[in-house]
Amino acid sequence: PLLLRYFCNYLENTGREVSLALTGAGHIDIPFSFRNRVIDVGFVDQRDLRDAYAAATLICHPSTKESFSIMILEAWLAGLPCLVHGDCAVTRHHVESSGGGLWFTDYPTFHEALEFLLDNPAARARMGEKGREYVLANYSWDEVVRNFEAVLEEGEARR
């Protein structure tokens with residue numbers, strides 16, 4: 001609901017010709033006057049999700065109560081910058097650490113961040129690439145296994 005409200009406000013305030021695609025389970029009531037700009041495609045399979053990332057300009061993850069999101073990892077691997085809620089410590093930390101996007105805390109900062117991302121394709125591409133590099137450096141299978149082994153070795157050493 002927050003993303004929908006902010007996005008509809010953004011459209012009203014700017015008149016820009018941009019669209020929002022929503023994926024995932026659940027029902028959301030899209031105001032009639034925005035149904036040509038907000039599309040709820042519902043749950044999609046992995047192929048359609050990859051196609052959606054390929055067609056997207058950026059992703060927005062507005063949750064304030066989130067652990068690190070697989071959606072953010074997937075978006076970064078697709079080279080997309082992420083716009084996250086600044087009140088979510090985990091997603092904001094990863095965006096700050098990676099340089100892979102921006103964050104907002106209210107409508108004015110959402111508006112400003114979205115404007116910046118839409119108007120600056122070079123910055124958008126740099127953020128998407130930084131996010132991709134961050135995922136590959138920290139969350140590749142080799143890195144995950146290496147970290148897991150280190151934790152096991154540390155536990156063994158303590159014993």
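The values are calculated or read from the model by the stated rules, or taken from the named source; none is laboratory data. Since we're looking at a predicted model, the values are computed, not measured. Here the Cβ positions follow ideal geometry from the backbone for every residue, glycine too, while neighbour counts run over all protein chains shown. Only protein heavy atoms, including side chains, enter the accessible area calculation; ligands, DNA and RNA are left aside. Shrake-Rupley method; radii C 1.70, N 1.55, O 1.52, S 1.80 Å.
Against the conditions (1) open to solvent by 20 Å² or more (accessible area, probe 1.4 Å); (2) in a strand (DSSP E or B), residue 50 satisfies every one except (2). Considered as a group, the residues in the range 1-29 that are part of a loop (DSSP other than H, G, I, E, B) and under 22 Å from residue 75 (Cβ atoms) include one that is nearest to the chain's Cα centre (by Cα), and that residue is 24.
Could we say that residue 25 is open to solvent by 30 Å² or more (accessible area, probe 1.4 Å), modelled with pLDDT under 95 and under 18 Å from residue 125 (Cα atoms) here? Spelling it out, it is not the case that residue 25 is open to solvent by 30 Å² or more (accessible area, probe 1.4 Å), modelled with pLDDT under 95 and under 18 Å from residue 125 (Cα atoms).
The single residue among 97, 67, 33 that is within 14 Å of the chain's Cα centre (by Cα), loosely packed, with under 13 Cβ neighbours inside 10 Å and of a type in the set (S, T, N, Q) turns out to be 67. Look at (1) out of contact with any Gly (no Cβ under 8 Å at 6 or more places or on another chain); (2) exposed (fewer than 15 other Cβ atoms within 10 Å of the Cβ); (3) at pLDDT 95 or above; (4) over 18 Å from residue 6 (Cα atoms) and you find that residue 125 fails only one, number (1). Annotation: residue 87 fulfils all but one of (1) open to solvent by 60 Å² or more (accessible area, probe 1.4 Å); (2) modelled with pLDDT of 95 or more; (3) part of a helix (DSSP H, G or I); the unmet one is (3).
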